[in-house]
1. Would you point out which residue out of GLN311, GLN283, GLN263 is surrounded by fewer than 19 Cβ atoms within 10 Å (Cβ to Cβ), touching a residue at least 40 places away in the same chain (Cβ under 8 Å) and part of a helix (DSSP H, G or I)?
2. Within region 344-351, identify whether any single residue is of a type in the set (S, T, N, Q) and either farther than 16 Å from GLY292 by Cα or more than 24 Å from the chain's Cα centre (by Cα) (or both), and answer yes or no.
3. Which of (1) modelled with pLDDT under 80; (2) assigned to a loop (DSSP other than H, G, I, E, B) is the odd one out, the single condition ASN213 does not satisfy?
4. Please go through region 254-308 and give me each residue that is on the phi > 0 side of the Ramachandran plot and among the aliphatic types (A, V, I, L, M), ordered by number.
5. Which number in (1) closer than 17 Å to ASP286 by Cβ; (2) at pLDDT 90 or above marks the one condition that THR371 misses?
6. Could you say whether any residue in region 298-305 is in contact (Cβ under 8 Å) with a residue 24 or more places away in the chain, part of a loop (DSSP other than H, G, I, E, B) and more than 21 Å from PHE45 (Cβ to Cβ)?
7. Kindly indicate the residue of region 324-354 that is free of Cβ contacts under 8 Å to residues at least 60 places away in the same chain and buried (at least 24 other Cβ atoms within 10 Å of the Cβ) and also farthest from ALA230 (Cα to Cα) among those meeting that condition.
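The values are calculated or read from the model by the stated rules, or taken from the named source; none is laboratory data. From a predicted model like this one, the values you see are computed outputs, not experimental measurements. Cβ atoms come from the backbone with ideal geometry, glycine included; neighbour counts cover every protein chain shown.
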Amino acid sequence: MNWFSWFLEEKIMPAAVKVSGQRHLSAIREGFIVFMPFMIIGSLFLIVANFPLPGYSSLMKSIFGAKWDFYVGLPADATFGIMSIFVGTAVAYKLALSYKVDTLAAGITGLVCFLITIPFGVVVGDKVVGAIPAQYIGSRGLFVALLMAIVSVEIFRKIVQKGIVIKMPDGVPPGVARSFAALIPAGCAITVALFIRIGFALTPFETLTGFINATVTAPLSLIGNSLPGAILTVFATTLFWTIGLNGGSITSGFLRPVWMPLQEQNILAIKAGLLPPNIITEQFYDLIWMGGAGATLALVLIMLIKSHSEQYKELSRLAIAPALFNINEPIMFGLPIVLNPLMIIPFSIAPIVMVVINYFAMYFDIVAKPTGVFLPWTTPPLIQGWLVTGSISGSFLQLFDIFVGMAIYLPFIRIMDKRMLAEEHKQSS
């Protein structure tokens, strides 16, 4: 156990801290966080349009007309449907902020560069109509949007930092001076984007999006939408948490661009009246993180029921309310789980077991697959399971997972409780 603690502190933590603080990954993570409220809003309208109650759709059509679900679904189309535009711009803005260059100009430059790399034009009959195909600006365009955001800002900031900008006289208003200062950096970034567009037009991929989808998105989707990939994801998330880092933020920074297209496919299937095709989406993990990372709601419940030491009884009483809203800092640092070799074992095992159970329950259609709705992470379990899957089967699955988690945590909390009880007796004597 001492060797394991040393390994976590000396080997894993330094590397994890570097990954967590890496400038470009931080910008991607923060860019998604900026757009998250709008994804939640779009999901709420999607839930209203497809509320999981028998006869609901027919009732609403009889009241509001046959097209009511089309209009209610528009906020989802305006958020999920063109998310690459918003997320890419937000990432460029956040990256420019970290470099302390003109954030607004850099953000717009990133957007323009992204748009240059995707084709303008949709074939309708025998004519090409001047429009942007939806697949390029939705979730499928995320990797290109993120790539162009990073490339454009790196070009922008290097030129600015080298002082290759147009400088206006002192009497010119600051807003005008900033606009002219952005001309050369933005122009260089846009020129590079144009060459990228022309270069890929000469290849079999035709566009940067085609290249990224063939070489990056498709392979990652195969990994991300698989049981081994899900197991590796939850293990990495819990491992980061055990050394005090927000594992969810780190893993989602890598994988959210993979999850989003899978999620969008499920949303489109639901809107078309079909069953969702994908099991692994971000919401699949939401079903598991009951009480927070490590599914610690099960741990808090077993502590409430089985603890004999006064400290653990009191800790479980304090932790239960936050745990019901998926907040687990009280238990992470109060028990603690962070850098605790004994508790790291069930903290890592419980989510992996739940992943296997949930995956096969959905694979064999025992439980409904995630619909693609994006809920606030504080949505209480059971309610969360119902809304994520659009079925009461999701609630029953979460309830079953809680009992499984309690069984896994029980032997370990008994050891911890026995030690604490002995310490309390020793202190009182």
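1. Working: GLN283 fails: surrounded by fewer than 19 Cβ atoms within 10 Å (Cβ to Cβ); GLN263 fails: surrounded by fewer than 19 Cβ atoms within 10 Å (Cβ to Cβ).
Sole residue among the options that is surrounded by fewer than 19 Cβ atoms within 10 Å (Cβ to Cβ), touching a residue at least 40 places away in the same chain (Cβ under 8 Å) and part of a helix (DSSP H, G or I): GLN311.
2. Applying the first criterion (of a type in the set (S, T, N, Q)) to region 344-351 yields 348.
Filter once more, keeping what is either farther than 16 Å from GLY292 by Cα or more than 24 Å from the chain's Cα centre (by Cα) (or both): none.
Checked region 344-351: no residue is of a type in the set (S, T, N, Q) and either farther than 16 Å from GLY292 by Cα or more than 24 Å from the chain's Cα centre (by Cα) (or both).
3. Result: ASN213 fails condition (2) only.
4. Filtering region 254-308 down to residues on the phi > 0 side of the Ramachandran plot leaves 273, 291-292, 294-295.
Within region 254-308, just ALA295 meets the criteria.
5. Evaluating THR371 over (1) closer than 17 Å to ASP286 by Cβ; (2) at pLDDT 90 or above leaves (2) as the failure.
6. no
7. The extreme case among them is ILE331.
Here's the yes/no breakdown for (1) in contact with a His (Cβ under 6 Å, 6 or more places away or on another chain); (2) within 30 Å of SER58 (Cβ to Cβ); (3) of a type in the set (Val, Ile, Thr); (4) modelled with pLDDT under 85:
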position	(1), (2), (3), (4)
GLY247	no, no, no, yes
ASN266	no, yes, no, no
ILE288	no, no, yes, no
GLY291	no, no, no, no
